[in-house]
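Notes follow the structure.
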Amino acid sequence: MVGKSSLSRKIFVFFNTIFMLLMITVSLYPLWYVFCASFSNAAKYMAHRGLLLWPIEWTWAAYEHAFEHPLILPSYLNTIFVVVVGTCLSILFSTIAAYFLSRKNVPFKRPIALLMTFTMYFSGGLVPFYFTIKTLNMDNSLWVLIIPSMLTMYNILVMRGGFDGIPDSLEDAANIDGAGHITTLFRIMFPLVLPTIAVVTLYYGVTYWNAWFNASIFIDDRKKYPLQLVLRQILISGNTNDMTLAADAGSKLALQETIKHAVSVIATVPILCLYPFLQRYFVKGVMVGAVKG
């Protein structure tokens with residue numbers, strides 16, 4: 001019986017490993033294809049057919065032309081500002097909100113929590129949102145990418161789960177020593193939920209990094225465009241003329257394709273590089289507070 005069980009487990013592990021490797025390959029190959037295409041010779045890349053496993057005649061030409069676009073560097077700086085400032089503010093206010101929802105005997109906690117949860121499922125719609133932004137004079141400003149996305153109820157619930165996992169005795173001991181809520185939150189609770197905060201930081205960071213919709217509606221000044229909106233214009237509109245002025249007509253079309261891939265890499269790699277530093281917190285941070293007892 002033990003032998004059969006062991007054999008069936010080995011067979012399961014073997015096929016499960018094969019399946020997972022296939023899934024990894026299917027998931028990673030498109031990223032690898034874009035990376036290889038961005039470093040390939042434009043003319044030979046256009047003539048290539050089939051799988052692309054390595055850059056064809058490694059060259060930096062697509063990146064050199066990409067950075068000639070007048071909006072790439074300004075949009076990069078705009079996106080970095082939005083990500084850094086927005087993530088810091090979101091973590092601060094989400095931590096305070098989660099701490100409030102996790103405390104016992106808080107007046108009106110349940111109706112407030114229900115109102116906050118209501119926003120996860122229902123919204124006023126685009127037209128009321130548009131007039132609200134216009135009334136607050138946030139249009140044509142980078143703050144329109146930060147303030148409306150500052151608090152997400154899902155992230156607050158994840159953080160509340162982290163606070164719920166902390167023993168009440170720690171807070172009671174802090175209260176006996178005369179610590180107030182601010183001291184208890186930032187000097188005792190905050191360090192204990194760092195794995196959860198790391199996960200929520202990743203959630204908010206990715207959201208701010210990919211923000212483009214509000215910018216497309218409310219920002220008219222092209223110098224204030226975030227990186228993703230510039231990327232969208234390049235990929236969808238094919239607006240690469242500013243980057244291929246020096247190219248001859250024959251190679252212009254081919255160069256445009258590799259530039260699109262290069263811009264995609266420029267817009268994607270930084271946020272991908274953030275994940276390895278937070279990966280060790282990811283599962284632990286999400287699961288903290290999920291099981292009681």
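The values are calculated or read from the model by the stated rules, or taken from the named source; none is laboratory data. None of the values given here were measured: they were computed from a predicted structure. Note: ideal-geometry Cβ built from the backbone for every residue, glycine included; neighbour counts use all protein chains shown. The protein model used for the area step is the full one, side chains on, heavy atoms only, and it has no ligands, DNA or RNA in it. Shrake-Rupley method; radii C 1.70, N 1.55, O 1.52, S 1.80 Å.
Each of 49, 9, 103 has its accessible area taken with a 1.4 Å probe; listed largest first, they run 49, 9, 103. 3J(HN,Hα) couplings calculated from phi for region 159-174 with the Karplus curve 6.51 cos²θ - 1.76 cosθ + 1.60 (θ = phi - 60°) are, in sequence order, 5, 4, x, x, 5, 5, x, 8, x, 5, 4, 5, 5, 4, 5, 5 Hz; Gly and Pro show x. Between residue 67 and residue 172, the contour length at 0.36 nm per residue exceeds the alpha carbon distance by 32.2 nm. Would you please classify the overall shape of region 1-137 from the alpha carbon gyration tensor, given that a ≥ b ≥ c denote the square roots of the eigenvalues, rounded means a/c under 1.5, and beyond that prolate means a/b larger than b/c while oblate covers the rest? Oblate, because a/c is 1.5 or more while a/b does not exceed b/c. Think of each Lys and Arg Cβ as +1 and each Asp and Glu Cβ as -1; about the Cα centre, that makes the dipole of the chain roughly 940 debye. By how many degrees, between 0 and 90 and to the nearest 10, does the Cα long axis of helix 194-209 differ from the longest principal axis of the chain? With rounding to tens, the tilt is 40 degrees. Farthest toward the positive end of the dipole of region 169-230, out of 217, 230, 183, is the Cα of 230, where the dipole comes from beta carbon charges about the Cα centre.
Projecting the Cα positions of 127, 151, 107 onto the charge dipole of the chain (unit charges on Cβ atoms of Lys, Arg, Asp and Glu, taken about the Cα centre) puts 107 furthest along the positive direction. For the chain, the alpha carbon convex hull comes to 204 Å³ per residue, rounded to a whole number. In vacuo Debye scattering of region 16-87, one point per C-alpha: log10 I(q)/I(0) at q = 0.14 Å⁻¹? At q = 0.14 Å⁻¹ the computed log10 ratios are -0.69. The overall shape of region 1-51 is prolate: from the C-alpha gyration tensor, with semi-axes ordered a ≥ b ≥ c, the ratio a/c is 1.5 or greater and a/b exceeds b/c. The protection proxy used here, the mean number of other Cβ atoms lying within 10 Å of each residue, ranks peptides 168-179, 33-44 as follows, highest first: 33-44, 168-179. Averaging the sequence gap over all C-alpha pairs within less than 8 Å and six or more residues apart, then dividing by the number of residues, gives region 87-177 a relative contact order of 52 percent. Here region 1-62 and region 149-175 have alpha carbon centers that stand 40 Å from each other.
Per residue, the average separation of C-alpha pairs within less than 8 Å and at least 6 apart gives the chain a relative contact order of 31 percent. Note on region 133-241: Kirkwood hydrodynamic radius from all Cα pairs is 16.9 Å, rounded to one decimal. Listed peptides 143-155, 54-66 appear in the order 143-155, 54-66 once ranked by packing, highest mean of other Cβ atoms within 10 Å at the front. Sorting the segments 260-266, 26-32, 191-197, 157-163 by their mean number of nearby beta carbons within 10 angstrom, highest to lowest, gives 157-163, 260-266, 191-197, 26-32. The residue list 259, 79, 17 was ranked by how far each Cα lies along the charge dipole of the chain toward its positive end, using unit charges on Cβ atoms, and 17 comes out on top.
Computed on region 81-239, with alpha-carbon pairs under 8 angstrom and 6+ residues apart, the relative contact order is 35 percent. Between region 88-139 and region 176-234, the C-alpha centres lie 15 angstrom from each other. Compared with the alpha-carbon gap, the fully stretched path from residue 114 to residue 15 is longer by 31.1 nm at 0.36 nm per residue.
Binning the C-alpha pair distances of region 79-204 at 10 Å intervals from 0 yields a P(r) profile of 11, 36, 33, 15, 4, 0 %, listed from the shortest bin outward.
The simple Förster model, with R0 at 25 Å and r as the Cβ-Cβ distance, assigns residue 54 and residue 206 a FRET efficiency of 0.30.
In the chain, helices alone account for a calculated mean residue ellipticity at 222 nm of -22500 deg cm²/dmol, with every DSSP H run of four or more residues adding -39,500 (n - 2.57).
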